[in-house]
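Inspection log for the structure reproduced underneath, given as structure tokens.
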Amino acid sequence: MHIFIKILGVAFFLFSSTEMMASTNDKEIKALYHTLDSLIDCQDTLIAEKKARIKSIHDGVKGMKLTSEQELTLNHRLYDEYMAFNFDSAHHYIKKNLDILQSLNDANLRAGCLIRMAHILAVSGIFEKAGAMLDEIQLSQLSPEKKVEYYNQKAELFLYRSEMAQHSPYFKEYIDSTQYYRQLILQIAPKESFEYITNLASYTCERGNVDQAIRIFENYLPSIKQGDRRYSIITSTLAYFHARKQQSGQQEKYLLLCAISDLKGTILENNSFRELSAVLMERGDYSKAYFYLSQASNDAQLYGSRLRSVQAARLSPLITKAYDAERTQAQHRTNILLTIISIIALLLAGTITYTLSLMRKRRLANDKISRMNAELSQHNDEIKVMNEQMKEANRIKDEYIGRFLELCSNLIHRGEERLKKMNRLARERKLEELYAELKSNSHINGGIRMFHQNFDTAFLNIYPNFVTEVNQLMTEGNGFEIDGESNRLTTELRVLALIRLGIQDNQKIADILRSSITTIYTYRSKLKARARNKDTFEDDIRKIATY
């Protein structure tokens with residue numbers, strides 16, 4: 001049981017590790033595609049920079065008279081710039097060097113030019129002419145370095161022939177010839193050289209040891225900068241090695257690295273985009289396959305390579321057919337989806353219409369409720385005002401009833417006392433004193449003072465801030481003095497107090513205050529004249545609150 005648990009643990013660890021590696025690889029591939037697509041967008045700029053660099057080489061010797069050796073060097077330099085960039089220009093400059101070398105007796109220099117000419121002819125698919133160029137070279141006259149170049153070009157020529165002869169009886173013959181020249185290179189090339197490493201890896205792969213070939217290149221690749229044509233050659237070959245092992249993920253990765261390098265180095269004579277489109281087509285990603293095949297075809301046309309154009313043309317019908325089939329299927333799916341969406345849209349439109357109807361009914365109901373709430377609020381405000389008025393009326397009633405009863409009691413008591421006094425004077429026959437008492441107004445005046453005192457006290461108990469608020473309604477300098485201890489009102493303030501209590505008639509006010517109607521009218525006119533707002537003065541007085 002313990003051993004079984006351990007086995008399960010190991011299996012789970014291996015499964016988790018595999019899943020993590022797959023996820024990491026997917027992220028790496030996505031990042032490479034992103035980089036590649038960004039560089040494709042910038043290709044016009046990269047090509048313009050390449051042309052500007054070549055122009056600067058031309059401008060550097062403009063107006064100078066060059067010797068044959070200097071012209072050979074310049075043409076070689078321009079050939080190297082154009083070799084993977086433009087076939088016609090590369091052919092032009094290497095042809096010029098061959099013409100110059102007609103007059104010079106230098107076998108190594110001529111062999112180098114013939115090898116270069118054979119290279120661009122081979123990559124353009126002009127195999128017979130490339131072979132004829134190499135046949136002109138006398139091998140016995142070459143230095144070891146030039147022999148390596150010669151064998152390398154012979155191997156390359158047969159390799160290109162094999163690419164064109166796939167699925168034909170001649171394919172194996174061309175591969176065998178390629179292997180033969182690779183063996184010759186391995187015998188004489190320096191072991192650290194690029195030619196030795198690349199031929200060793202390819203030779204090892206064709207002999208069946210693909211893993212060893214991959215290790216050789218993976219160890220060597222970090223020493224070369226991306227954008228260098230050698231980097232593109234190694235990554236393209238690594239993609240081929242992984243394809244031999246049916247490792248499509250690694251194949252795709254190295255094709256992407258190769259394509260990125262081709263774009264960075266403005267290498268238009270490339271194989272990466274065509275191979276990448278083939279991988280994508282096998283995977284069923286026809287849209288991307290079509291895009292990268294178009295890129296391969298455009299690059300081949302810009303370079304002028306017949307070989308690459310033919311290779312792209314062979315693949316193009318397959319991808320185009322698959323792409324068109326996928327697009328037709330996608331269009332069919334789109335039509336079905338549009339039909340479904342249309343039905344959903346109609347249902348949605350119906351739902352929206354119904355919802356809008358409900359919302360309209362709800363809005364009308366809400367408006368009705370709002371109006372009812374507003375009316376209720378208005379009624380509540382009216383009730384609140386009435387409650388305040390009732391409360392004020394109750395306070396006034398309570399205050400004045402008490403004061404009225406007290407005043408009446410005092411007046412009755414004073415009347416009784418006076419009556420007793422007059423009865424006593426009459427009984428004692430003190431007629432002169434009795435007559436004087438009857439003639440005296442002191443009793444009436446005392447009653448009036450008592451009335452005023454009770455009125456003032458009661459009113460100020462109900463409206464303790466009355467004088468202060470009246471002063472706020474008067475113009476500056478025309479207010480009334482406030483004496484918190486006397487608790488008395490002036491006649492003018494009594495007129496205003498009666499107006500506040502709701503008594504408007506001048507005659508009634510005159511009767512209550514025991515004054516003439518003219519006096520009351522005069523008081524009211526003078527008070528209005530002293531008010532800040534004459535038109536609303538008395539209305540403002542009536543609005544003074546009890547507290």
Check your understanding: What pairs come up if the first residue lies in region 166-177 and is modelled with pLDDT of 90 or more, the second is in a helix (DSSP H, G or I) and open to solvent by 80 Å² or more (accessible area, probe 1.4 Å), and their beta carbons are under 8 Å apart, counting only those six or more places apart or on different chains?
Key -> none
Revision key, fill the gap. In region 91-117, residues that are in contact with a Lys or Arg (Cβ under 8 Å, 6 or more places away or on another chain) and small (Gly, Ala, Ser) total 2
Study note, to complete from the structure: Matching residues in region 259-275 (modelled with pLDDT of 90 or more and under 10 Å from Ser236 (Cβ atoms)) number 3
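Restricting to region 123-177, what's the tally of residues that are among the polar types (S, T, N, Q), open to solvent by less than 20 Å² (accessible area, probe 1.4 Å) and either under 18 Å from Leu109 (Cβ atoms) or in a helix (DSSP H, G or I) (or both)? Give the derivation first.
Going residue by residue through region 123-177, those that are among the polar types (S, T, N, Q) are 124, 138, 140-141, 143, 152-153, 162, 166, 168, 177.
Checking the rest, the ones that are also open to solvent by less than 20 Å² (accessible area, probe 1.4 Å) come to 124, 153, 162.
Subset that is either under 18 Å from Leu109 (Cβ atoms) or in a helix (DSSP H, G or I) (or both): 153, 162.
Total meeting the criteria: 2.
What do you reckon, is Arg230 closer than 24 Å to Asp262 by Cα, out of contact with any Asp or Glu (no Cβ under 7 Å at 6 or more places or on another chain) and in a helix (DSSP H, G or I)? Quick ask: steps written out before the conclusion?
Numbers: closer than 24 Å to Asp262 by Cα: yes; out of contact with any Asp or Glu (no Cβ under 7 Å at 6 or more places or on another chain): yes; in a helix (DSSP H, G or I): yes.
It is true that Arg230 is closer than 24 Å to Asp262 by Cα, out of contact with any Asp or Glu (no Cβ under 7 Å at 6 or more places or on another chain) and in a helix (DSSP H, G or I).
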Exercise for review: Just one of (1) open to solvent by 60 Å² or more (accessible area, probe 1.4 Å); (2) under 19 Å from Ala300 (Cα atoms) trips up Asn271, so point out which.
Suggested key: (1)
**Study point:** Among (1) closer than 19 Å to Ile29 by Cα; (2) among the polar types (S, T, N, Q); (3) under 41 Å from the mean Cα position of the chain (by Cα), the one test that Asn298 misses
**Key:** (1)
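Among the candidates Ser277, Ser232, single out the residue that is over 21 Å from Glu149 (Cα atoms), touching a residue at least 24 places away in the same chain (Cβ under 8 Å) and open to solvent by less than 30 Å² (accessible area, probe 1.4 Å). Explain how you work it out, then say what you get.
Values: Ser232 fails: over 21 Å from Glu149 (Cα atoms).
Every option except Ser277 fails the conditions.
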Review point. Taking into account only those residues within region 193-224 that are small (Gly, Ala, Ser) and more than 21 Å from Glu149 (Cα to Cα), which is least open to solvent (accessible area, probe 1.4 Å)?
Key: Ala213
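Given the options Phe459, Phe451, name the one that is modelled with pLDDT of 75 or more and open to solvent by less than 40 Å² (accessible area, probe 1.4 Å).
Values: Phe451 fails: open to solvent by less than 40 Å² (accessible area, probe 1.4 Å).
Result: Phe459 is the single residue among Phe459, Phe451 that is modelled with pLDDT of 75 or more and open to solvent by less than 40 Å² (accessible area, probe 1.4 Å).
Just checking, which of Ile512, Ile520, Ile499 is of a type in the set (A, V, I, L, M), open to solvent by 50 Å² or more (accessible area, probe 1.4 Å), in a helix (DSSP H, G or I) and modelled with pLDDT of 85 or more? Before the answer, list the steps.
Numbers: Ile520 fails: open to solvent by 50 Å² or more (accessible area, probe 1.4 Å); Ile499 fails: open to solvent by 50 Å² or more (accessible area, probe 1.4 Å).
From the options Ile512, Ile520, Ile499, the qualifying one is Ile512.
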**Study point:** Hits in region 212-227 - residues which are without any contact (Cβ under 8 Å) to a residue 24 or more places away in the chain, assigned to a helix (DSSP H, G or I) and not small (Gly, Ala, Ser)
**Key:** Gln212, Arg215, Ile216, Glu218, Asn219, Tyr220, Leu221, Pro222
Review point. Does Ala189 count as of a type in the set (A, V, I, L, M, F, W, C) and closer than 21 Å to Arg229 by Cα?
Key: yes
Review point. Which numbered condition trips up Leu36, out of (1) modelled with pLDDT of 90 or more; (2) surrounded by fewer than 17 Cβ atoms within 10 Å (Cβ to Cβ); (3) hydrophobic (A, V, I, L, M, F, W, C)?
Key: (2)
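Determine whether Thr45 is open to solvent by 60 Å² or more (accessible area, probe 1.4 Å), modelled with pLDDT of 90 or more, within 21 Å of Asp99 (Cα to Cα) and out of contact with any Gly (no Cβ under 9 Å at 6 or more places or on another chain). First the steps, then the outcome.
Details: open to solvent by 60 Å² or more (accessible area, probe 1.4 Å): yes; modelled with pLDDT of 90 or more: yes; within 21 Å of Asp99 (Cα to Cα): no; out of contact with any Gly (no Cβ under 9 Å at 6 or more places or on another chain): yes.
It is false that Thr45 is open to solvent by 60 Å² or more (accessible area, probe 1.4 Å), modelled with pLDDT of 90 or more, within 21 Å of Asp99 (Cα to Cα) and out of contact with any Gly (no Cβ under 9 Å at 6 or more places or on another chain).
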Study note, to complete from the structure: Within region 98-122, the residues that are open to solvent by 60 Å² or more (accessible area, probe 1.4 Å) and under 16 Å from Asp88 (Cα atoms) are Arg116
Practice item. Could you grab the pairs with beta carbons closer than 7 Å, sequence gap of 6+ or different chains, first residue in region 102-120 and part of a helix (DSSP H, G or I), second one of a type in the set (Phe, Trp, Tyr)? Key: Ala111/Tyr150; Ile115/Tyr150; Arg116/Tyr79; Ile120/Phe87
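The values are calculated or read from the model by the stated rules, or taken from the named source; none is laboratory data. Quick caveat, the model's predicted, so the values are computed rather than measured. FYI the Cβ positions are ideal-geometry reconstructions off the backbone, even for glycines, and counts take in every protein chain you see. What goes into the accessible areas is simple: the full protein's heavy atoms, side chains included, and nothing from ligands, DNA or RNA. Shrake-Rupley method; radii C 1.70, N 1.55, O 1.52, S 1.80 Å.
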